[in-house]
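J.: The following block contains the structure, expressed as structure tokens.
The values are calculated or read from the model by the stated rules, or taken from the named source; none is laboratory data. Because the structure is a prediction, the values reported are computed rather than measured. Positions of Cβ are generated from backbone atoms using ideal geometry, with glycine treated the same way; all protein chains shown enter the neighbour counts.
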Protein chains: 2
Amino acid sequence: MPTCLVTGAAGFIGSNLVDRLLAGGHQVVGLDNFSTGQEHFLQAALASPEFRLERADLLDLSAVERAAAGADIVYHLAANADVRFGPDHPRRDLDQNAIATWNVLEAMRRQGVGRIAFSSTGSVYGEAKVIPTPEDCPFPVQTSLYGASKLAAEGLIQAYSEAFGIQAFIFRFVSILGRRYTHGHVFDFYKQLLEHPEKLRVLGNGKQRKSYLAVEDCVDAILLAVERAPDRVNILNLGAGEYCEVNDSIGWITGHLGLAPQLDYQGGDRGWIGDNPFIWLDCARMRSLGWQPRFSIREAVLQTLDYLQEERWLLQAR
Amino acid sequence: MPTCLVTGAAGFIGSNLVDRLLAGGHQVVGLDNFSTGQEHFLQAALASPEFRLERADLLDLSAVERAAAGADIVYHLAANADVRFGPDHPRRDLDQNAIATWNVLEAMRRQGVGRIAFSSTGSVYGEAKVIPTPEDCPFPVQTSLYGASKLAAEGLIQAYSEAFGIQAFIFRFVSILGRRYTHGHVFDFYKQLLEHPEKLRVLGNGKQRKSYLAVEDCVDAILLAVERAPDRVNILNLGAGEYCEVNDSIGWITGHLGLAPQLDYQGGDRGWIGDNPFIWLDCARMRSLGWQPRFSIREAVLQTLDYLQEERWLLQAR
């Protein structure tokens, strides 16, 4: 069984992936700087003799190189995953997404690691001109520092692949939902409704159309693609086959909680600078490998809400 | 007249642009770290009271911020412009193209500079699926560290434009030829033929098809676009309306020099890792602004050769 390095191992998607890799019999090295990761998410993993945790920052190249030694594949999930606050700290995305990815690639090159799976984002499509958006849509214009920094990382991976023969699996995610979810609209709405059940502040006009994916479906896709995708550089959209309006999600959440808050729309067709009012990815390429999502967006939203209700400590953890 | 900051002011395109801006009555601050720039190229500029030279490195943010103070527009031309040697020093493109561009943007934001013109490259198209390649061709895959780092810079510029209202002019150049040319195939071929006129080593099979542009036509286009392009983010291909084979250029060069060297092809359809065997850009968007190139590729190659024959010191300068 190959040895896997997972960066961002204590994060939302990373820790779910670690559990699945260990269940599949892999040896796993998990790397995290715990800037947003939660040690709690690695409880099961830490009990396994096949798991080793490295506390290190991806901006420390020699630490990354040590962690990569002996790995057959790197699942590079560590990131600044917060798309909204780019303009408040305009260097963060560059550091944590682009430069950190260069360090991962350079560590791989030095250690002879031949494969990388990378969590990119549908945000690289900016405001896509074709919806649902395929991977080879017209060359997009970036609208967020987050998207720009992930695009930079994609480009570096592709160039390293060409120059040094590394095989790459680049996944352009929609927003992921489910167990160990730590930020995003379900988090924000639930936290608000706990504090004041009678009122819900909504960014934008509520009509923004977004697609989501359950974390189990996301991890399924990553593992399947790494097994089956044939090219040296494989670029794969990952999202549900559908989209919903923010208002749909509000209805599911308030219905589930038995609340009828007054909705306080902030107005405009965007929630924040660089927000994309309509995200829906064409995932035919991923489906052609034999994958399909098991959960609807509604199911994924409600599972996330159930999870947050059980793990209310998370609402205070960041 | 606006005050202009030109980065890479002592470089090939930068120094040509500085001269044109000064001739047009602008005040110009030139910034260069002289890593590849030539003070000789700024001889005329340095005699002008409207020109100020700042010796600084773009990786020094506070120096860039000082240079940007009071500017109305930044012409950001400084770069590691060498596409061939990326794999030999895989960090250089990231530093000098992506991170340096972030510093320029951040300096602009802090100093309230509202416009940027940027020298990107047709290399961001990788191996384009549509030729001649328009700006909105299918989302490309990067094949060189140079292209990836320029794509990263483009994305950062676009994101800064969205977040902070900066107007951007992003030019995707083919290879530029002409006065003050300091590297590329004409340089390499002429240098070889001076050393041993009977033999010419040619990377690849000589059938690579490339497009070029004369530096005068390039500077014309930059100045016209900055005057006329209307959008917040303007992305413009810049190249001749034609392409040639490497073998065509060899014929023009050897004919001009009166030589008939034996051609020693290194073989393969690419000159180096990440080389693109067919580059030809669709420049309809730039033409729609009223621009057209004045020189053919053949004229540009021969002008470059004439220039290098007069300035043979340059062959030893790097």
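J.: Could you check A:THR3 against (1) touching a Cys at 6+ places or on another chain (Cβ under 8 Å); (2) closer than 21 Å to A:GLY114 by Cβ; (3) among the β-branched types (Val, Ile, Thr) and say which number it fails?
T.: (1)
J.: A further question on this structure: Looking at segment A:151-169, which of the residues that are crowded, with 24+ Cβ neighbours inside 10 Å and of a type in the set (A, V, I, L, M) is farthest from the chain's Cα centre (by Cα)?
T.: Filtering segment A:151-169 for residues that are crowded, with 24+ Cβ neighbours inside 10 Å and of a type in the set (A, V, I, L, M), the one farthest from the chain's Cα centre (by Cα) comes out as A:ALA159.
J.: Looking at (1) closer than 25 Å to B:ALA152 by Cα; (2) touching a helix residue (DSSP H, G or I) at 6+ places or on another chain (Cβ under 7 Å), which is the only condition B:GLU54 fails?
T.: Here B:GLU54 clears every test but (1).
J.: Name, by its number, the condition in (1) at pLDDT below 95; (2) over 21 Å from B:ALA214 (Cβ atoms) that does not hold for B:THR36.
T.: Single failed check for B:THR36: (2).
J.: A follow-up question, please. Taking segment A:160-189, which residues are away from chain B (no Cβ under 14 Å) and either acidic (Asp, Glu) or within 17 Å of A:ASN234 (Cβ to Cβ) (or both)?
T.: Within segment A:160-189, A:PHE171, A:PHE173, A:ASP188 meet the criteria.
J.: Here is a check on your reading of the model: is A:GLN292 assigned to a loop (DSSP other than H, G, I, E, B), out of contact with any Leu (no Cβ under 7 Å at 6 or more places or on another chain) and either at pLDDT below 95 or not basic (Lys, Arg) (or both)?
T.: Answer is yes for this residue.
J.: Would you tally the residues in segment A:136-152 being more than 7 Å from chain B (Cβ to nearest Cβ) and in contact with a Phe, Trp or Tyr (Cβ under 7 Å, 6 or more places away or on another chain)?
T.: The number of residues fulfilling the criteria is 0.
J.: Please pick out the residue among A:LEU281, A:LEU193 that is over 20 Å from A:LEU314 (Cβ atoms), touching a Ser or Thr at 6+ places or on another chain (Cβ under 8 Å), crowded, with 17+ Cβ neighbours inside 10 Å and not assigned by TED's automatic domain parsing to the domain that holds A:LYS150.
T.: That would be A:LEU281, the only listed residue that is over 20 Å from A:LEU314 (Cβ atoms), touching a Ser or Thr at 6+ places or on another chain (Cβ under 8 Å), crowded, with 17+ Cβ neighbours inside 10 Å and not assigned by TED's automatic domain parsing to the domain that holds A:LYS150.
J.: Taking only segment A:126-135 into account, find how many residues are within 20 Å of the chain's Cα centre (by Cα) and either within 8 Å of another protein chain (Cβ to nearest Cβ) or β-branched (Val, Ile, Thr) (or both).
T.: The total comes to 3.
J.: Right, here's the next one. Looking at this structure, is A:SER15 among the polar types (S, T, N, Q) and surrounded by 21 or more Cβ atoms within 10 Å (Cβ to Cβ)?
T.: When the stated conditions are applied, A:SER15 passes them.
J.: If B:LYS199 passes every condition in (1) of a type in the set (D, E, K, R); (2) at pLDDT 95 or above; (3) buried (at least 16 other Cβ atoms within 10 Å of the Cβ) but one, which one does it miss?
T.: (3)
J.: Scan segment B:272-306 residue by residue and report those that are more than 14 Å from chain A (Cβ to nearest Cβ) and among the small types (Gly, Ala, Ser).
T.: Within segment B:272-306, B:ALA284, B:SER288, B:GLY290, B:SER296, B:ALA300 meet the criteria.
J.: So which residues in segment A:136-150 are within 18 Å of the chain's Cα centre (by Cα) and of a type in the set (Phe, Trp, Tyr)?
T.: Hit for segment A:136-150 is A:TYR146, nothing else.
J.: Pairs under 8 Å by beta carbon, first residue part of a loop (DSSP other than H, G, I, E, B) in segment B:19-32, partner among the aliphatic types (A, V, I, L, M) and surrounded by fewer than 19 Cβ atoms within 10 Å (Cβ to Cβ), six or more apart or different chains?
T.: B:GLY24/B:MET1; B:GLY24/B:LEU223; B:GLY25/B:MET1; B:HIS26/B:MET1
J.: Now for a separate question. Please state which one of A:ALA107, A:ALA68 is away from chain B (no Cβ under 14 Å), over 15 Å from A:GLY14 (Cα atoms), in contact with a helix residue (DSSP H, G or I) (Cβ under 8 Å, 6 or more places away or on another chain) and not aromatic (Phe, Trp, Tyr).
T.: Testing whether each residue is away from chain B (no Cβ under 14 Å), over 15 Å from A:GLY14 (Cα atoms), in contact with a helix residue (DSSP H, G or I) (Cβ under 8 Å, 6 or more places away or on another chain) and not aromatic (Phe, Trp, Tyr) leaves just A:ALA68.
J.: When you look at A:ILE157, is it more than 8 Å from every other protein chain (Cβ to nearest Cβ), more than 28 Å from A:TYR307 (Cβ to Cβ), of a type outside the set (Gly, Ala, Ser) and not in a loop (DSSP other than H, G, I, E, B), yes or no?
T.: Answer is yes for this residue.
J.: Let me ask something else. Please indicate, with yes or no, whether at least one residue in segment A:231-243 is touching a strand residue (DSSP E or B) at 6+ places or on another chain (Cβ under 7 Å), surrounded by fewer than 21 Cβ atoms within 10 Å (Cβ to Cβ) and away from every other protein chain (no Cβ under 14 Å).
T.: yes
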